[in-house]
Amino acid sequence: MPVVDDQQHHIRVEVRAVPGTGVREFRAYTQVHARLASLVALIEDTEHLPAWMHRVQQVSVIDRVDARHLYSYLVLSVPFPFHDRDSFMKSSLRQAADGTVYLSSASEPGGAGACRDCVRMPQMRNEWILRPGEHDLVDVTFTGFGLPGGVVPDWATNLVVTDLPFGSLRNLHRQVHRHKYETAQVDGIKEPE
């Protein structure tokens, strides 16, 4: 059942319980008139991610293993009175035979970064699924889950679980049509014919 169903922005966000925790995970959907390469270029543009990804304060690439894999350091802005959260993430990109693109990230223990005023998240994962559709539409699914670490009640975490995906997808609609993304080329990403 949708928790957020914003028909004006064509965004739907659903949440569900994660067994073994009191924290919910989200799944958010939208459709965008865009090329796959434009969306991949936007999501992989770590330098500008804080400009549109809701609650993301900082992203730094620590190690780019190859064109499809990287390690990064991420800081999330958290509402007062709680401290910001950080995570060391391993990310990968792949395109399936049907054209669907998967951009997945998951936290790794330890790792670089660790800001003095942040609490390290013990677990965080997210995935972008970009499925080409008809008439230059791309179905975008954004999923995510995170354990905040520190002393944050589950109910407080669950109050804002729809905030990050909704704000991010709303901003994605605006950002993907910037010239630098509309004309972007991404090695290995094939557009539907």
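What to note about this one:
- Scanning segment 142-157 for residues that are in contact with a strand residue (DSSP E or B) (Cβ under 8 Å, 6 or more places away or on another chain) and surrounded by fewer than 16 Cβ atoms within 10 Å (Cβ to Cβ) yields a total of 1.
- Counting only strands (runs of 3 or more DSSP E) that fall entirely inside segment 86-168 and contain at least 3 residues that are over 21 Å from D66 (Cβ atoms), the qualifying elements are 123-132, 137-147.
- Among the residues of segment 16-50, just one is within 16 Å of the chain's Cα centre (by Cα), of a type in the set (A, V, I, L, M) and modelled with pLDDT under 95, namely L49.
- Residues that are of a type in the set (A, V, I, L, M) and at pLDDT 95 or above within segment 160-181 comprise L169, L172, V176, listed in sequence order.
- Residue check, A67 crowded, with 20+ Cβ neighbours inside 10 Å, in contact (Cβ under 8 Å) with a residue 40 or more places away in the chain and of a type in the set (G, A, S): no
- Meets criteria (out of contact with any Leu (no Cβ under 7 Å at 6 or more places or on another chain), surrounded by 15 or more Cβ atoms within 10 Å (Cβ to Cβ) and free of Cβ contacts under 8 Å to residues at least 40 places away in the same chain) for R125: yes
- The lone criterion from (1) of a type outside the set (D, E); (2) in contact with a Pro (Cβ under 9 Å, 6 or more places away or on another chain); (3) free of Cβ contacts under 8 Å to residues at least 24 places away in the same chain left unmet by T157 is number (3).
- Any hit, segment 102-122, residues being hydroxyl-bearing (S, T, Y), surrounded by 17 or more Cβ atoms within 10 Å (Cβ to Cβ) and touching a residue at least 40 places away in the same chain (Cβ under 8 Å): no
- Pairs with Cβ under 6 Å, 6+ apart, first in segment 3-24 and assigned to a strand (DSSP E or B), second among the small types (G, A, S) and surrounded by 12 or more Cβ atoms within 10 Å (Cβ to Cβ): V13/A28
The values are calculated or read from the model by the stated rules, or taken from the named source; none is laboratory data. All figures in this text were calculated on a predicted structure; none of them were measured in a lab. Reconstructed Cβ throughout: ideal geometry from the backbone, glycine too, with neighbour counts over all protein chains shown.
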